[in-house]
Every structure is written in structure tokens, then in C-alpha cells.
Amino acid sequence: MDLFSQIELDPIRKRIEELSQLIEKYNHEYYMNDTSLISDYEFDKLLQELIDLERQYPELASPNSPTQRVGGEINKTFRQVTHRFPMLSLGNTYSIDEIVEFEARTRKLLGSIPFSYTCELKYDGVAIGLTYKGGELVQAVTRGNGTIGDDITSNARTIATIPLRLRGDFPDDFEARGEVVYPYDAFNAFNQQREAEGEEPFANPRNAASGSLKLQDSRECAKRKLMFCMYFMMMHPSLASQYRQCDTHSGRLEWAKQMGFKVQPYIQECRDIDEIRAFIEYWDQARWNLPFAIDGIVIKVNQTALWDQLGLTAKSPRWAIAYKFKAQQVSTPLLSVSFQVGRTGIVTPVANMEPVWLGGTTVRRATLVNADFIEKMDIREGDHLFIEKGGEIIPKVVGVDMEYRKVDASPISYATVCPECGTPLVQLEGEAGRYCPNSDGCPPQIVGRLEHFVARKAMNIDSLGSERLQLLYNKGLVKNIADLYDLTMEQLVGLETEADINGRRSTIQEKGAENIIAALEASLSVPFERVLFALGIRFVGEVGAKKLARHFKHIDALIAASVDELAEVEDIGNKTAQVVADYFKDPFHLDIIRRLRKAGLQMDIVDNQRGSQLEGLAFVVSGVFSDFSRDEIKAHIEQHGGKVVSSISAKTSYLVAGEKMGPEKLKKAEKLGIPILSEEEYLQLVNK
């Protein structure tokens, strides 16, 4: 870039820096101090201005720009990285006696040297290390096996409590370690969204946080609203010796707070075992009042100069130990067993129990999973059940308190008919659950199918939530998904919900009705594969719907397909093929399709054929690619006239091989003499 161009860009560069600093300041105050300095509207305007400038002048964008908080980078492979400083695990114990032994052993090793301990919360999340150089985040790595972890930098940048650029005074090169946790509020909201979209909810925040950090699309990670809590600073000893703040662990954390890290305030300096014990006992009860999950307490020698003197065992440091809380468990009487019907017709037994206080909430109900679970646990009428709530949000039954078992206790009578519509239940071969086959006449299945239909990954009709759909069903306006497209303004305006427990009612106003009609009209442009997913055919998920749509191209071809033809589609097994074929034989479903087609929904794949260079050629795709996802390269092949097959045979024309491809496919291709193309060679073939 010449001197004139640089001078010309100076005002732009200055504005980008000014916007970045302002946004970082507002983010810091909001996420660290719970303070909003400006309105959401004003903040969004600043952020959008920065996004627009960086799009226009990409050479001026920083990898640690505040715009990275919203994500956008696609990471198809998580590169493995060797930790500069091994991430050792701590010794764990559930016994206070072992904490007493740890404290006595430490005191004996240090003799007359004065020292103290820090007691802090043990977060129930995912441990990561963040490397900062010159005050800028350069890398984020998961713990992995302690020696090697996965590079998750693009996802880490989306977490609001991870500073991208540090504030004030900071070491030139160090590692911040901490835990990524999923706050309860954000986790519960995320699970509600998953259930509304017909997906299984995550069992606990820790699993959800772990899965979020390994999402390929950082934009999806940004939506999860994860939180990073720092608990450690690592740096070379020669560098640490230059800063008095590094003399104690508590001093390092206080310093980290000044740099912009979120360091939880629940840290206490303790002088002896009595103060340690009091801290543990307090948080064993108070943990349920926290906004995130913890599973114990970490005790460390506070004076960092003593760590080398105390040394390490083969697996963990001698200067720290973790006390883990026992999962809370109570015994409570089983009053009755009821049966709930889900969207797909699965009938789930639920234990109704005498209310009991457990883990900060009153528990009255817990799932009994299915008939096999009841039989395995040997749960009988009148039993007392052990309920546990460890790392789980949802309480679970873990056993029977045999002390209260009556001699004549009768086994649980499992439902044989649907509790909602009276239809006899059926059980498919190889499945533990029983389900109601009356999918089009069973009220909870109908409402569940409506909720699935309007979900974001299906038709994305966000103006129709669960409450409104239930209202429309109760009023007799909507009995199936096709009825949605017959709704009118006159029908919607003034509809009033039933009173809640506080006697409050809500009414659909004119603006709300307009939004519903507009969202329904907008859904007419949703592509065929999502329409197919939205139908809610049993066993046909988002991926399966996409495969079926791309294979048959048109709803009429799909309706006419035999079971054998359906089973030929990649990832569609015989059981799913039979269910799909049965679905499209049902006159009721065919009428639904007819009405949806008449309403204007997309019923075929829009032709995006770009050429016929690959016509007559069959390709197998395996491995990970740099410029395409695997699905994208398959679509690219089809767009240019080629055919994608799942397994290698003598009829295969080419194997397109990426990194980490299956060795068996490579071996078979070599044996059969199938030409093997790299990603670049494949593109050259298309261009020819």
C-alpha cells in the first residue's frame, strides 16, 4: 500500500479503533459489572457501524475486534495443540477427613514457614487455557488429556466474558486458565428452544457447554451465551518473578480482574483447617443459590513461591486439592404414576411424589423413562424413591428406599392405552418405549407437531409460540399444520387465553395478528428440505429430510417412492424407509400435502444445476476439506451433474479424499484402482 493510500485510510483506521474501544468498554461494564451505560439500540448502532467498516475495509479488521463476539468463522477441524504448560488435574476427594490429611501434610512439609490457603468454587464446566501476547488473545485450547488439547479460538472469541484485548497493566506473554460454564438462565432458555424445535434437551449445563465449544460454526456458539470464569494465571517463572502481584494466587486473580477477566468474588483466604471446613460446609448448601453449577471446592496454598517446594505427584500438584460435593439425594414417597404423551407419540411414565426440597428447589415429579427402567429399578406402588440432583438440572430417580417397602407392594401397572385419546399403545421391535399410533387424532401429538412445524429449523414462524398454538387448538381454529394457512385476521384478533394461576389472561391484539399472518406468508419461501423436516415424519430429522429432498427433488417423486427406493437414500435405513412410505400412503397426510401445496409452500428442490461436466460419474466423498464442508462438496458434485454414492465399488468413478479420511475407503479404492482426487484436483476436474 502506497503512502497516499495509508494517509487516506487513517480516518477510517481511527474510527474503527474508536468504535472498538467504546464497544469493549460497554461490553466490559455490562458483563463484568452488570451495568448498562447505553441503550441496546445505541449499542447495536455502534456495533453495526463497526461491522460495516470492517466489511468495507477488511485489511483494517483485527482478529480481536468486538465484531468477533457474534461469530462467523467456520472451523471444520479443531487443530490439536500441545500445551506450553501441562494442564494437570487436581487430586479429588469426597471426604473431609482427606482434606484434614492434606492440610496436615502440607503444614508438615512447610514446617515453620508462614502460609495460607485460598478456597474457591470448583466450577462444573469445561477447562480451557487462553494465551495472551502483548495484551491480545492469540489462542484458546481445551484441556484435552492435559498435554494436548483442541484449538477452539474462534468459538472462544464469541464468549463475552473472555477479554479479546486486556486493560491496564499486564504481562507480555501468559496463559489465563479457567472454566467455561453455562449459566442456568441461558441453559434453560436454550433447552426450551431445543424442545420447541423437536430436539432432545441437554441433560446438564456442563455437557451443553462442552458441545458448544466444539461447534463448527462460531455463530452458533455465540448464541449459547456461555460464560468464562478465570481461576489461574500461568507464565514462565522468570516473568512471574518480575511482578509482585504474582507472589500469591489471590494476588494473581485480583490482578486478572483489573485486566478485564471475570473472576468470581466467592474466594476466601483461609488460615487453617477450621476455616477451610467452614467454607466447604457453607457452599455445600449455598451452591444452589448460584447462577451457575459448581461441584465442589478447590483449596490451594496461596503463596506461589511455595509451590515448587511442595512439588508434584505423577498426576497432580501437592499444593492443591479439590473437595467434591456428594450428589444430593433424598427419599420421598411415590404417590402415583401418570403417563405423558410427547410429540412423536412416545408415552413416558412420570413419578408423582410427595414434595421434597432438593438442591434449591421443591421436587414433585421425575421421569421413570420407560417400562424397562421401572422393571430394572423394581419400582412398586407405595414405594419411597431415592431422588438425586447432582450435576443435573432435572431430578432423577436413582433407586428404591427398601426400608419402606411394603410386603404386599404391587408392581406398577404400565399404561396399555393412550392416556389422552384412549388408543391402544404399540411397541416397535427393538424399542423400549411404547407409543400412541393415533398421531393425527391425539391432542398432545397434534400440538407438539404444530410446535415442531413452526420451529426455527423448520418453517421458522416465530410469531406462533407454544401458548398461542395451544390457544388456536383449544379454540378449534387449528387441528393440523395445514389449518395454519387458513387463519385470517378476523379469527385472530381478540383471541383470549385461559386464565393462568394468577387469574391473568392475554389477548392477541391487531399488531400480533398481523405478525402471525406476515410470518406465515414469509414461510412460503422456506426451501423444500425444511418443509419436509417440518412435516414431523417419525424418524426423519433435519439431515434425513435434506437427504430425501435432494434425492427425490419433488414431493410427488417422494410420495411415489417404494420402500426399497427410499432405503437406497444415504443414511435412510429400512425402518425409516418403511415409516416414510406408510406416512405418504395415509389419505389424511396426502390431503395435508395437497393443502400445503395449494397454500404455496415449496414442494420441490429449486434447480440450481450449474453444468453437466460430471454427468455419468459417481463419486465417493470422504474426509475433511478446507474450502467445503462434506455436504457442500457433495452438493457441488450434484450441481455439476455428478452422482454421490456412499460406498466404494467397481462402479465408482472417483474418490474425493480430504484430511482424516477413513483408511478402509482408501484401501478399497487403491485395491479397485479407483482414481483418488484431492480437493484441488477435484476442482480442476470440474473446471475442465
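A quick yes/no check of all residues on (1) without any contact (Cβ under 8 Å) to a residue 60 or more places away in the chain; (2) among the acidic types (Asp, Glu); (3) on the phi < 0 side of the Ramachandran plot:
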residue: ASP604; (1), (2), (3): no, yes, yes
residue: GLU615; (1), (2), (3): yes, yes, yes
residue: VAL620; (1), (2), (3): yes, no, yes
residue: PHE625; (1), (2), (3): no, no, yes
residue: LYS634; (1), (2), (3): yes, no, yes
residue: GLY641; (1), (2), (3): yes, no, no
residue: LYS651; (1), (2), (3): yes, no, yes
residue: LEU655; (1), (2), (3): yes, no, yes
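Within region 577-597, the set of residues being of a type outside the set (A, V, I, L, M), under 17 Å from ALA534 (Cβ atoms) and in contact with a helix residue (DSSP H, G or I) (Cβ under 7 Å, 6 or more places away or on another chain) comprises TYR583, PHE584, HIS589, ARG595. A count restricted to region 369-419 and to residues that are part of a strand (DSSP E or B), farther than 30 Å from VAL181 by Cα and either touching a helix residue (DSSP H, G or I) at 6+ places or on another chain (Cβ under 7 Å) or touching a residue at least 12 places away in the same chain (Cβ under 8 Å) (or both) stands at 5.
Considering only region 648-665, how many residues are modelled with pLDDT of 80 or more and either open to solvent by 30 Å² or more (accessible area, probe 1.4 Å) or in a loop (DSSP other than H, G, I, E, B) (or both)? So that I can check it myself, show each step before the final result.
Kept after step one, since they are modelled with pLDDT of 80 or more, are these residues of region 648-665: 648-658, 665.
Now narrow it down to the ones that are either open to solvent by 30 Å² or more (accessible area, probe 1.4 Å) or in a loop (DSSP other than H, G, I, E, B) (or both): 648-654, 658, 665.
The total comes to 9.
Looking at ALA209, ALA305, ALA256, which one is open to solvent by less than 30 Å² (accessible area, probe 1.4 Å), in contact with an Asp or Glu (Cβ under 9 Å, 6 or more places away or on another chain) and in contact (Cβ under 8 Å) with a residue 12 or more places away in the chain?
The unique qualifying residue is ALA209.
Could we say that GLY476 is free of Cβ contacts under 8 Å to residues at least 40 places away in the same chain, loosely packed, with under 14 Cβ neighbours inside 10 Å and farther than 22 Å from GLN445 by Cβ here? Against the criterion (free of Cβ contacts under 8 Å to residues at least 40 places away in the same chain, loosely packed, with under 14 Cβ neighbours inside 10 Å and farther than 22 Å from GLN445 by Cβ), GLY476 does not qualify. Only residues that are more than 19 Å from SER413 (Cβ to Cβ), of a type in the set (S, T, N, Q) and either at pLDDT 90 or above or open to solvent by less than 30 Å² (accessible area, probe 1.4 Å) (or both) were counted across region 362-385, and they come to 0.
Residues in region 456-480 that are modelled with pLDDT under 90 and within 26 Å of THR423 (Cβ to Cβ): 1 in all.
Residue check: is PHE339 open to solvent by 20 Å² or more (accessible area, probe 1.4 Å), without any contact (Cβ under 8 Å) to a residue 60 or more places away in the chain and within 29 Å of the chain's Cα centre (by Cα)? So that I can check it myself, show each step before the final result.
Values: open to solvent by 20 Å² or more (accessible area, probe 1.4 Å): yes; without any contact (Cβ under 8 Å) to a residue 60 or more places away in the chain: no; within 29 Å of the chain's Cα centre (by Cα): yes.
Considered against the rule, which asks whether it is open to solvent by 20 Å² or more (accessible area, probe 1.4 Å), without any contact (Cβ under 8 Å) to a residue 60 or more places away in the chain and within 29 Å of the chain's Cα centre (by Cα), PHE339 comes out as no.
For GLY359, indicate whether it is at pLDDT below 90 and open to solvent by less than 10 Å² (accessible area, probe 1.4 Å). Let's see the steps before the verdict.
Values: at pLDDT below 90: yes; open to solvent by less than 10 Å² (accessible area, probe 1.4 Å): yes.
Criteria met by GLY359.
Of the residues making up region 434-448, just one is among the hydroxyl-bearing types (Ser, Thr, Tyr) and assigned to a loop (DSSP other than H, G, I, E, B), namely SER439.
Restricted to region 286-312, and to residues there that are hydrophobic (A, V, I, L, M, F, W, C), assigned to a strand (DSSP E or B) and modelled with pLDDT of 90 or more, the residue that is nearest to SER112 (Cα to Cα) is VAL301.
Based on what the data block shows, is GLU467 more than 28 Å from LEU335 (Cβ to Cβ), touching a Leu at 6+ places or on another chain (Cβ under 9 Å) and open to solvent by 50 Å² or more (accessible area, probe 1.4 Å)?
Details: more than 28 Å from LEU335 (Cβ to Cβ): yes; touching a Leu at 6+ places or on another chain (Cβ under 9 Å): no; open to solvent by 50 Å² or more (accessible area, probe 1.4 Å): yes.
Against the criterion (more than 28 Å from LEU335 (Cβ to Cβ), touching a Leu at 6+ places or on another chain (Cβ under 9 Å) and open to solvent by 50 Å² or more (accessible area, probe 1.4 Å)), GLU467 does not qualify.
Being out of contact with any helix residue (DSSP H, G or I) (no Cβ under 9 Å at 6 or more places or on another chain), within 19 Å of LEU121 (Cβ to Cβ) and of a type in the set (A, V, I, L, M, F, W, C) is the filter here, so list the residues in region 284-318 that pass it. Of everything in region 284-318, those that are out of contact with any helix residue (DSSP H, G or I) (no Cβ under 9 Å at 6 or more places or on another chain), within 19 Å of LEU121 (Cβ to Cβ) and of a type in the set (A, V, I, L, M, F, W, C) turn out to be ALA286, TRP288, VAL298. Just checking, which of PHE292, PHE261, PHE279 is under 23 Å from ASN204 (Cβ atoms) and either among the β-branched types (Val, Ile, Thr) or in contact (Cβ under 8 Å) with a residue 60 or more places away in the chain (or both)? Only one candidate qualifies: PHE292.
Residues in region 130-143 that are open to solvent by 50 Å² or more (accessible area, probe 1.4 Å) and under 23 Å from the mean Cα position of the chain (by Cα): ARG143 alone. Does GLN329 meet the test of being at pLDDT below 90 and surrounded by fewer than 17 Cβ atoms within 10 Å (Cβ to Cβ)? In short, yes.
Looking only at region 342-367, residues that are polar (S, T, N, Q), in a strand (DSSP E or B) and within 29 Å of the chain's Cα centre (by Cα) come to 4 in all.
Tell me, which helices (runs of 4 or more DSSP H) lie completely within region 494-568 with 3 or more residues that are out of contact with any Lys or Arg (no Cβ under 8 Å at 6 or more places or on another chain), closer than 19 Å to ASP462 by Cα and open to solvent by 80 Å² or more (accessible area, probe 1.4 Å)? First the steps, then the outcome.
On the way: elements: 510-522, 528-534, 542-552, 555-560, 563-567.
Once the helices (runs of 4 or more DSSP H) in region 494-568 are filtered for at least 3 residues that are out of contact with any Lys or Arg (no Cβ under 8 Å at 6 or more places or on another chain), closer than 19 Å to ASP462 by Cα and open to solvent by 80 Å² or more (accessible area, probe 1.4 Å), what remains is 510-522.
Within the option set GLU431, GLU451, being assigned to a loop (DSSP other than H, G, I, E, B) and not hydroxyl-bearing (Ser, Thr, Tyr) holds for one residue only, GLU431.
With the requirement that a residue be part of a loop (DSSP other than H, G, I, E, B) and open to solvent by 50 Å² or more (accessible area, probe 1.4 Å), what does region 569-582 give you? Listed by number, the residues that qualify are GLU570, ASP571. Being open to solvent by less than 40 Å² (accessible area, probe 1.4 Å) and within 22 Å of ILE379 (Cβ to Cβ) is the filter here; which residues of region 432-459 pass it? Correct list: ALA432, GLY433, TYR435. For region 313-331, name all the residues that are outside any loop (DSSP other than H, G, I, E, B) and under 31 Å from the mean Cα position of the chain (by Cα). ILE321, ALA322, TYR323, LYS324, GLN328, GLN329, VAL330 - these are the residues of region 313-331 that are outside any loop (DSSP other than H, G, I, E, B) and under 31 Å from the mean Cα position of the chain (by Cα).
I'm trying to understand the selection: among the residues of region 235-253, which are crowded, with 17+ Cβ neighbours inside 10 Å and not charged (D, E, K, R)? I'd like the intermediate steps shown before the answer.
Residues of region 235-253 crowded, with 17+ Cβ neighbours inside 10 Å: 235, 240, 243, 245-246, 248-253.
Passing the criteria: MET235, ALA240, TYR243, GLN245, CYS246, THR248, HIS249, SER250, GLY251, LEU253.
Among the aromatic types (Phe, Trp, Tyr), more than 24 Å from SER646 (Cα to Cα) and open to solvent by 30 Å² or more (accessible area, probe 1.4 Å) - does that describe any residue in region 584-601? The answer is yes, given that some residue of region 584-601 is among the aromatic types (Phe, Trp, Tyr), more than 24 Å from SER646 (Cα to Cα) and open to solvent by 30 Å² or more (accessible area, probe 1.4 Å).
On inspection, ILE276 does not qualify as within 31 Å of the chain's Cα centre (by Cα), crowded, with 17+ Cβ neighbours inside 10 Å and closer than 19 Å to SER116 by Cα.
The values are calculated or read from the model by the stated rules, or taken from the named source; none is laboratory data. A quick note: this is a predicted structure, and the numbers were derived from the prediction, not measured. Cβ: placed from backbone, ideal geometry, glycine included. Neighbour counts: every protein chain shown. The accessibility values were calculated without ligands, DNA or RNA, using every heavy atom of the protein model including side chains. Shrake-Rupley method; radii C 1.70, N 1.55, O 1.52, S 1.80 Å.
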